[in-house]
Amino acid sequence: MPDKPLERSSTTGALPIDVSLGPSLENVNAPTHTAVVDSRIAYISVLAIVVAGVSTVIAEALIWLIHLATNIFFFGRWSGANVPPWDNHLGLWVIAIPVIGGLLVGIMARWGSPAIRGHGIPEAMEQILLNESRIPPRITFLKPFSAALSIGSGGPFGAEGPIIATGGAIGSLVGQLLKTTADERKTLLAAGAAAGMTAVFGCPVSAVLLAIELLLFEYRARSFIPVALASAMAAGMRGAYIGWTPIFAMPHLANVRSEALIWYAVLGAIVGLASVYVTRAVYAIEDAFEHLPVHWMWWPAIGAVAVGVLGYFFPHTLGVGYSNIDDILGGAIVGKAVIVLFIFKFISWAIALGSGTSGGTLAPLMTIGGGLGSALGALLARIPGSGVDFRLAALVGMAALFAGASRALLTSIVFAFETTRQPISLLPLLIGCTVAFFVSAIRLPYSIMTLKIERRGTRVPGEYGSDYLGRVLVANACTRNVSTLKENDKLQKVRQWIVSRSSGSGHQGFPIVSTNGKLIGVVTRRDIFDDTDAGDRTVKDIIKRPLAVVYDDNSLREAADHMVRVNTGRLPVVTRIAPDKVVGIITRGDLLTAQQQRLQEQFEPSRSIHFSSRLRPQEGEK
């Protein structure tokens, strides 16, 4: 009589199969081992390289458009020369220029696409999480043009945000035009975004890290290989066109003294706390705009009034301001000047961003963080024996503010190094950014990139740990003592056995074996009791579904995926040597048991030493 258990392996509709034969290696319906990479990755990598090439060209075109718009708005000439907007001679008329740009952006958002509003990265994250990485094609054109108008008219933004968003849109568009999965579209989107960032700053490694920390939400070879190749392609094209010098030139820094590391940690804590209030301020201003009794189309123009007024009194708050970062890191702007710059740059940027105009966050955050770090560094340098260099403090502040606000820790550290090529800064950056990240995460559960999405009810992944189910083998989690039914067992007798609640009869499904012990199918309790006319029928007669099994050397992740694929809650466990012999059963409950082990490892301190690799003792063991 029954001496082992199992449930159904169901698919849609029964297939004509010969249940008298057990499964063999050639026809067994079992999950395969998940490959780290496959030939498909080569195809996606080629597409990613193409996307990178296009994104780099568009990035250069957008930078030229911003220069053109700046020349037209502030100097009344048709030129793509790189001139700062604060060199204008417009007087009070300078207040009107950002307003005109804001009005044009509002019109484009109203009748073009509302998705062009904002700084780009949160919008890309939202499309990845909610729309299978499908960005509307019109964003590819509207986003760069709206950003050129916004920044070119004096908006206190960086070009990198719109370029990252545009590169992501190009990757998404390629993925939509060709036959790709949602995962592959996500990879192409991230590849375009990384290429765009690299094209602006010449930072291929930190661009890959940005894609991993803010867009991919994972660290898998099938994702980061195409993204890394795309970023390298963009770096090569940029180097051939612009050169290989770092975008922010810093003077040579002296070796860091050990005692100074403590003060860089203190600086990181202060900047991390500042990042909390920067994030809150931006969204408080955005909430204030929500209460205005006018259509959102007018908000960018209204916010631009503050940009224009501050630009009149403090001209260096206008425009991209990469030269401001250069001056802060190089020590050309110090003391009261740097304090004035980062305070009013923050006010101008926060109001403009809160109004919903088009622009980036990275350059403003770097300006604000660099200025704050420079000011704090000057104070700390006065402490006897501190060993603090205010220029290095500016660099740490720049990276730490971005780490605290965006929660992209590794991106912030590597970015600061790549854009300055100061290897001596790596240890202070590691300490300062990590402390800033910690302080910010303790005080605020969301980042400047994710709050908008979280408010709309979307949970953004914040931790990218390894899949625990992927680390555990089925052999170490399955139940070994399985109740099976013989193929010639009478249906009526099996019903009586289940109703009697005899040992082994309490399962929801049972594997069926032939007279010589070969696995031929699975029936469920429902199958057994749904047949109203049992008569002389056997359990073999009610097998409805093709058999699905799992190997004992498959992972629990592979088993779980196979359960979903074949629509079942239990799978017979077999070996590759004898795929027609049942050696165990794995159920959804076993998957939850494995998760219990993970929770114990994560949250329950223990001093005990375990020598067994299995998750739990098997039935019958002492």
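Taken together, the residues in the range 446-459 that are of a type outside the set (Asp, Glu), surrounded by 11 or more Cβ atoms within 10 Å (Cβ to Cβ) and under 20 Å from Ala284 (Cβ atoms) amount to 9.
Does Arg185 satisfy the condition of being in contact (Cβ under 8 Å) with a residue 40 or more places away in the chain and either surrounded by fewer than 16 Cβ atoms within 10 Å (Cβ to Cβ) or closer than 15 Å to Leu47 by Cβ (or both)? So Arg185 passes the test.
Just one of the numbered conditions (1) modelled with pLDDT of 75 or more; (2) open to solvent by 70 Å² or more (accessible area, probe 1.4 Å) is not true of Asp3: (1). The set of residues in the range 468-502 being closer than 20 Å to Gln600 by Cβ and in a loop (DSSP other than H, G, I, E, B) consists of Val472, Ala477, Cys478. Looking across the range 522-571, the residues that are within 28 Å of Ala475 (Cα to Cα), assigned to a loop (DSSP other than H, G, I, E, B) and among the basic types (Lys, Arg) come down to Lys544, Arg545. Within the range 588-609, the only residue that satisfies the criterion of being touching a residue at least 12 places away in the same chain (Cβ under 8 Å) and either out of contact with any helix residue (DSSP H, G or I) (no Cβ under 9 Å at 6 or more places or on another chain) or in a loop (DSSP other than H, G, I, E, B) (or both) is Thr593.
Considering only residues that are on the phi > 0 side of the Ramachandran plot and part of a loop (DSSP other than H, G, I, E, B), look in the range 102-139 and name the one that is most open to solvent (accessible area, probe 1.4 Å). This residue is Glu132. Annotation note: Cβ proximity below 8 Å between a residue of the range 373-394 that is in a loop (DSSP other than H, G, I, E, B) and a residue that is of a type in the set (Asp, Glu) and surrounded by fewer than 22 Cβ atoms within 10 Å (Cβ to Cβ) (sequence gap 6+ or interchain) occurs for Gly385/Glu259; Ser386/Glu259; Gly387/Glu259.
Taking helices (runs of 4 or more DSSP H) as the structural unit, those lying wholly within the range 202-295 and holding at least 3 residues that are under 29 Å from Ile163 (Cβ atoms) and within 19 Å of the chain's Cα centre (by Cα) correspond to 204-211, 221-241.
A single entry from Phe145, Phe157 fulfils the requirement of being at pLDDT 85 or above, closer than 30 Å to Leu318 by Cβ and not in a helix (DSSP H, G or I): Phe157.
Could you list, in sequence order, all residues of the range 343-372 that are outside any helix (DSSP H, G or I) and either over 25 Å from the mean Cα position of the chain (by Cα) or among the aliphatic types (A, V, I, L, M) (or both)? Listed by number, the list holds a single entry, Ser355. If you check Ser146, Ser150, Ser133, Ser113, which single one turns out to be touching a helix residue (DSSP H, G or I) at 6+ places or on another chain (Cβ under 7 Å), free of Cβ contacts under 8 Å to residues at least 40 places away in the same chain and of a type in the set (Gly, Ala, Ser)? Matching residue, one of Ser146, Ser150, Ser133, Ser113: Ser113. Determine, yes or no, whether Ile528 is over 30 Å from Glu126 (Cβ atoms), at pLDDT below 85 and among the aliphatic types (A, V, I, L, M). Here the answer is yes, as Ile528 does meet what is asked.
For the residues Gly569, Gly584, the requirement of being crowded, with 21+ Cβ neighbours inside 10 Å, among the small types (Gly, Ala, Ser) and touching a residue at least 12 places away in the same chain (Cβ under 8 Å) singles out Gly584. Evaluating Thr198 against the criteria (1) under 14 Å from Leu47 (Cα atoms); (2) not in a loop (DSSP other than H, G, I, E, B) leaves one unmet condition, (1).
The values are calculated or read from the model by the stated rules, or taken from the named source; none is laboratory data. Because the structure is predicted, anything quoted here is derived from the model rather than measured. Heads up, the Cβs are rebuilt from the backbone with ideal geometry, glycines too, and the neighbour counts pull from every protein chain shown. Only protein heavy atoms, including side chains, enter the accessible area calculation; ligands, DNA and RNA are left aside. Shrake-Rupley method; radii C 1.70, N 1.55, O 1.52, S 1.80 Å.
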